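A.B. asks: One structure, as structure tokens, below. Some questions next.
The values are calculated or read from the model by the stated rules, or taken from the named source; none is laboratory data. All values reported here derive from a predicted model rather than from experimental measurement. Virtual Cβ from ideal backbone geometry, glycine too; neighbours counted across all protein chains shown.
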Amino acid sequence: MAESLTDPTRPLLNVSPVQETQGLLPRLSAIVIGRHTRYALIDGVVIRVGEQIGGLEVVAIESMRVKLRRNASLVELGLHPGVRKKKHGDR
């Protein structure tokens, strides 16, 4: 039988009770922090602090991670370590 392989491009996740009870966490693809804007791309949707995705509320967007909350449980989604951080306006 074939073994189950882990996707090496999947962002690092901190496991929490939310993941155990609700299944897989959403996937963080990008974070944009500009002078007057801050948002994350989660499961292909642009999300800002205070908004929800999959029943999780976004409580913080930082340069390399997003913090989410469901009830009293906190979850962090991290960007893959190979992702290079760029300043707003860099190409």
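A.B. asks: Where the second residue is outside any strand (DSSP E or B) and the first is aromatic (Phe, Trp, Tyr) and lies in the range 28-51, which pairs have Cβ atoms under 7 Å and are six or more apart or on separate chains?
C.D. replies: Between residues of the range 28-51 that are aromatic (Phe, Trp, Tyr) and residues that are outside any strand (DSSP E or B), the close pairs are TYR39/ARG48.
A.B. asks: If you don't mind, another one. Among the polar types (S, T, N, Q), outside any loop (DSSP other than H, G, I, E, B), touching a strand residue (DSSP E or B) at 6+ places or on another chain (Cβ under 7 Å) and modelled with pLDDT of 60 or more: is that true of SER29 in this structure?
C.D. replies: yes
A.B. asks: Just to verify a result, which residue in the range 60-72, among those that are in contact with a helix residue (DSSP H, G or I) (Cβ under 9 Å, 6 or more places away or on another chain) and surrounded by 17 or more Cβ atoms within 10 Å (Cβ to Cβ), is modelled with the highest pLDDT?
C.D. replies: LEU68
A.B. asks: Shifting gears a bit: Only residues that are within 10 Å of PRO26 (Cα to Cα) and surrounded by 13 or more Cβ atoms within 10 Å (Cβ to Cβ): list them for the range 42-59, please.
C.D. replies: Correct list: ILE42, ILE53, GLY54, LEU56.
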